[in-house]
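Since the structure comes first, as structure tokens, the remarks are kept for the end.
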Amino acid sequence: VKLLCRGKANPSLADSECRTPLGVAAENGNVEVMKILLEAGANMSLANKRGHSPLIAAAAQGYLPAVALLIQWRADPCSMCADARATQRGADTALIAACRGDHVEVVDLLIQAKANVNQQEPLTAKSANLDGWTALLESSCKGKHILVSRLISAHADPNLNLKGNAGPLYFSAC
């Protein structure tokens, strides 16, 4: 990777699935390759066909060092999935993706980096009945008590409801 970057290979060049070298390295937790690509000028905001930026990909896999590196390089912890149609529920954020994977340390890091704990996914055709999904809803519906506690401590609003008026308390009671 170093040799190719020194040879002026484009570190942001994507394949047919819109996967960039940085996105692939982040998805696999390869921090050393990520550092080389970032130093070579790789674009952190380019998303793959699923709409995942390198930050969302690393958070979804629970790769704490990869998430930390991207935050250090000023990746936006509040950015959403680039293509809301690409996910089943809508537009993931790194925080929602980390909650979905039950990655507590990554959630803590994203909260520390000022991820918006009340950020809601926008309405999409695929998620019309789940408009407004949040990290707290994701954690509540899966019974992830540690994450619920962390999010509440970070001032997540337990009264933010979905379009259909179901909220975290409803999902916790299921």
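Seen from PRO65, the other residues with C-beta closer than 15 Å to its C-beta sum to a net charge of -3, counting Lys and Arg as +1 and Asp and Glu as -1.
Between ASP157 and TRP73, the modelled labels are 3.4 nm apart [label points 7 Å from Cα along Cα→Cβ].
Lysine pairs in the chain with alpha-carbon atoms under 23 Å apart, 8 or more places apart or on different chains: how many are there? Count of close lysine pairs: 9.
Solvent exposure of the chain, expressed per residue, is 51 Å² of accessible area, with all protein chains present and a 1.4 angstrom probe. In the elastic network of the chain, a GNM with C-alpha springs shorter than 10 Å, the most mobile of LEU55, LEU95, LEU37 is LEU37. Working note: 222 nm ellipticity from helices only, DSSP H runs with n ≥ 4, each -39,500 (n - 2.57), summed and divided by the residues of the chain, gives -11500 deg cm²/dmol to the nearest 500. In the chain, Cα pairs under 8 Å separated by at least six residues give a relative contact order of 15 percent. Checking every one of the trypsin sites (Lys or Arg not before Pro) in segment 1-82 against DSSP loop status and a limit of 11 other Cβ atoms within 10 Å picks out LYS8, ARG74. Across the alpha-carbon atoms of segment 1-121, the computed radius of gyration and Dmax are 13.6, 44 angstrom.
The values are calculated or read from the model by the stated rules, or taken from the named source; none is laboratory data. Treat the numbers as computed from the prediction; the structure is a model and nothing was measured. Positions of Cβ are generated from backbone atoms using ideal geometry, with glycine treated the same way; all protein chains shown enter the neighbour counts. Heavy atoms of the whole protein, side chains included, go into the accessibility calculation; ligands, DNA and RNA do not. Shrake-Rupley method; radii C 1.70, N 1.55, O 1.52, S 1.80 Å.
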